[in-house]
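The structure appears below as structure tokens.
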Amino acid sequence: MRLVNADAAPIYLNKDACEQIKKMPTEDAVHAAGGCYCFECEKFDHDGGTGFCNQWGKCTLCSDFCSRGQRKEATHA
């Protein structure tokens, strides 16, 4: 898997190729690197838009992420 700048595709490719790129699935860079977002983590206590990370012992945003957390669901994609 490689992350690409799809906005630059029209410079190098024809219109049909660009349309195919738009239909391709994308990878989440956080998950690809083995991390998870705070709102997914089993060590995160949710409280509205923020919460408390039991791993790091601090308040954090739900959209933050780290490489030490574990996702709540049993399977990791």
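Given the Cα-Cα distance of L61 and K22 and 0.36 nm per residue of separation, how much length would full extension add, in nm? Mind dumping the intermediate values first?
Numbers: separation 39, 0.36 × 39 = 14.04 nm, distance 3.01 nm.
Full extension of this stretch gives 11.0 nm more.
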(request) At a 1.4 Å probe radius, which order do Y37, Y12 fall into by accessible area, largest first? (result) Y12, Y37
(request) Roll a 1.4 Å probe over the protein chains and send me the accessible area per residue for the chain in Å². (result) 80
(request) For the chain, with all protein chains present and a 1.4 Å probe, just round the carbon and sulfur fraction of the accessible area to a whole percent. (result) 53
(request) First select every other residue whose beta carbon is under 15 angstrom from the beta carbon of D47; then total the charges, Lys and Arg +1, Asp and Glu -1. (result) 0
(request) Loop only per DSSP, at most 15 neighbouring Cβ atoms within 10 Å: give me the GluC sites (Glu not before Pro) in segment 7-68, ordered by residue number. (result) E27, E42
(request) Scale the Cα Rg of segment 18-77 by the rule-of-thumb value 2.2 N^0.38 Å and send over the ratio, two decimals. (result) 1.34
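The values are calculated or read from the model by the stated rules, or taken from the named source; none is laboratory data. Just so it is clear, the structure is predicted and the values come from calculations on it, not from any experiment. Please note: Cβ atoms are built from the backbone with ideal geometry, for glycine as well, and neighbour counts cover all protein chains shown. The protein model used for the area step is the full one, side chains on, heavy atoms only, and it has no ligands, DNA or RNA in it. Shrake-Rupley method; radii C 1.70, N 1.55, O 1.52, S 1.80 Å.
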